1. Quick check, is residue B:33 in contact with a helix residue (DSSP H, G or I) (Cβ under 8 Å, 6 or more places away or on another chain) and more than 8 Å from chain A (Cβ to nearest Cβ)?
2. Being farther than 28 Å from residue A:251 by Cα, assigned to a helix (DSSP H, G or I) and modelled with pLDDT of 80 or more narrows it down to one residue among A:209, A:159, A:167; which is it?
3. Taking the conditions exactly as written (farther than 30 Å from residue A:395 by Cα and under 19 Å from the mean Cα position of the chain (by Cα)), does residue B:74 satisfy them or not?
4. Kindly establish whether residue A:128 is surrounded by fewer than 21 Cβ atoms within 10 Å (Cβ to Cβ) and within 27 Å of residue A:324 (Cα to Cα).
5. Could you grab me the full set of residues in segment A:358-372 that are surrounded by fewer than 24 Cβ atoms within 10 Å (Cβ to Cβ) and within 11 Å of chain B (Cβ to nearest Cβ)?
6. Conditions: (1) within 9 Å of chain B (Cβ to nearest Cβ); (2) modelled with pLDDT of 75 or more; (3) within 24 Å of the chain's Cα centre (by Cα). Residue A:103 meets all but one. Number of the miss?
7. Looking at B:110, B:116, which one is modelled with pLDDT of 95 or more, touching a strand residue (DSSP E or B) at 6+ places or on another chain (Cβ under 8 Å) and under 20 Å from residue B:155 (Cβ atoms)?
8. Take residue B:24 and tell me if it is on the phi > 0 side of the Ramachandran plot, surrounded by fewer than 23 Cβ atoms within 10 Å (Cβ to Cβ) and either touching a helix residue (DSSP H, G or I) at 6+ places or on another chain (Cβ under 6 Å) or away from chain A (no Cβ under 13 Å) (or both).
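The values are calculated or read from the model by the stated rules, or taken from the named source; none is laboratory data. Nothing here was measured: the structure is a model prediction, and the numbers come from that model. When we count neighbours, we look across all protein chains shown, and the Cβ atoms used for this are built from the backbone with ideal geometry, even at glycine.
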């Protein structure tokens, strides 16, 4: 392994049964990569391994997360940009809360499964997922407080209190300790700020006054008799040592941070946060322990370094869902500066494209991906074009679904291609009707001609048409190709004949030849079709029409020339005889051969 | 990443190429055992071998699928100096029930005088066109003018590249701004001269392919080459497997209106990775060109990704664990040797040929122990 690889902590994934000294061949697939042992330029036995990234998309519970967050995402994209930011902010906060509630719902479900299942491995897996979602929700919540809601000094601490308390409630199953429940409840009474009865400065003055009071009480040993009360007093003053003594109750450095702020700097300003955060983290974690990824992320958030937060989250978590949705929301809040990439996209779009591409390999979630691509102005369309073509067309229903999506977006090449694939498949399986209707949809004249030929050949061999419904209802689609037009009209002729509308049938039959709609190769069949009409008792063909029939026959035989058989003559003779009847005595020229 | 599934391919010799079809539901494998196998993926994700037949009288180097618009069509190329086109025939109903299908040979292309090293279909918008390259340094482009008649192919272009060819790749772009273009790699090992990669472009006026660019900085033997999917960009991206992994950017320079020659390109080296620390044998892009995979002499497959600032980095490694597969009773998969061999035999009976090299039969692998999939390595989302 090279130096850079060990630097980035890349541990190779192990593929079984590939021995040392052998190469590995591979092939990209939808969502996976096939790997096999081989030896380029030499000669062994063979296994092929399907290797995949860890994929949450296959988890049924997480699927709900993807579905519901998709719904929120689409709603977010349609928020009007022209409203003043004052009225948009509450909307964004509400959307952020929606996302978080979806995360929490998912967490709860996973938790339930973890508890109720008998499968040990599945339980562990669920709990692992829960812990990831916990972290995600924690980070998201903090981002909401700091970036989206952008709480100013005063209410900032309130929000942070809520944040820590919510998280502590999640994590802690024990009963509320004195430290947690009492202090915030007590101090709730001091918080008039939300009701707006006093300004921050007024409050600050009052708070300082109270703080000094408590300090004085402690100094002159008012509480000396009650050790417990003394401790509480020290806590109220934000005594670091006492707080750190109760580390295990606090649990985390950010809880420590918020508690300390509560007791020492309740009117902390957003810009001051990172000083306290850094020092609290240092104090809380002993010198030996290394900050975990979560700690760095939270610290970056306290430093208001949004890009660092996103970057660290991308590295720490192995799926794009979180960073994609959060970044999108932050972008809507106009908090991200867009970096211009070499090919002109930006961070939000990059992440959304990655997330949506991951969804595309799933047999049903791919439909959600479409909406994400729709809202990526730079590359969304081309990504969609590339990936939607690859959706396996297992059933006609699925193919129609894919087509509808392409048609709605005027992706005409994809429409044509999908229809052609379906037409080809139908043709190979001898389903001519299906093949024809797909060709028509593809507007593929050449293919329609080919299939019409097959229909006609079928008719010639079997004497009947298949897929009558389709041919009878072609409508204007008939005009796609000459051969198709002929097929449609020829069938019409048969219908007229069946309905005994002989005169119209005769007229149509003749026009098929005279208007050159019928291919020359089919004329013999048509002329043969004319015979029963000529055999009718009443005169169907007029003299002119009969003449035209003979003319057509003449044309046919002269073009066939050397291929002309003796049967032509009897036919020739028959036509001229039948046209003679008592009512109309016509002298027909009999062409001698 | 983790191993989701292992398939006992049951070729009697080395597999040289594996190719997924367009939708990822079928795959073809080819081997030194002179045969090609076709596998179908069922709804539950299991692979079943639906056809296995002898295709050539020498090692089969590559196998590739045509676009499904042309039906179910494969092409293969071999050491036996030929390339062949195969079409699947919809079989009898009892065959379908047994999950078998038949492939018949539509044509054999015998123009090459040496081993045919690569075979690729051109992008579908060009029609049904097949390209081969050979050790004799010639690239041949064939066309089937009637897609319903796959036995008629005409040799449209014969291009002499002067150096022994090992690989070709077509630029997949169907944009009007880009005339048809392909790249050829040479495995000529004389490093005293460069230009082991040549780019050819179709000229509308001469109706011929002309050389547009030679990558002089590539002096070592090239084993594989791959254009990335285009994504509507004006420039092209090309990956090369040589003594290292290289990614080039080809930026078309503005053409004067009077110019009738091939497009001039500005060639930039986007990335060069020597992590394999050895010869790199294969490179391939995923569908959206966001990931490049490479495999090398070090027995590893590496995945490369560009972040949103277009900086490339290795984001994954696959390495053989060095173990032979241990046999045990375990669950027989659809790939168990019992099923495998019976498919083989029946196919052989139908085709009247015997598979495997004379005198050398590798032992069948024991039934596969069902692998649990431990999560080996978190694949970080590289941003």
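1. So residue B:33 does not fit the description; no.
2. A:209
3. Spelling it out, it is not the case that residue B:74 is farther than 30 Å from residue A:395 by Cα and under 19 Å from the mean Cα position of the chain (by Cα).
4. On the way: surrounded by fewer than 21 Cβ atoms within 10 Å (Cβ to Cβ): yes; within 27 Å of residue A:324 (Cα to Cα): yes.
Yes.
5. Start the filter on segment A:358-372 by keeping residues that are surrounded by fewer than 24 Cβ atoms within 10 Å (Cβ to Cβ), which leaves A:358-359, A:361-368, A:370-371.
Passing the criteria: A:358, A:361, A:363.
6. Evaluating residue A:103 over (1) within 9 Å of chain B (Cβ to nearest Cβ); (2) modelled with pLDDT of 75 or more; (3) within 24 Å of the chain's Cα centre (by Cα) leaves (1) as the failure.
7. Sole residue among the options that is modelled with pLDDT of 95 or more, touching a strand residue (DSSP E or B) at 6+ places or on another chain (Cβ under 8 Å) and under 20 Å from residue B:155 (Cβ atoms): B:116.
8. No; evaluated as a whole, the condition is false for this residue.
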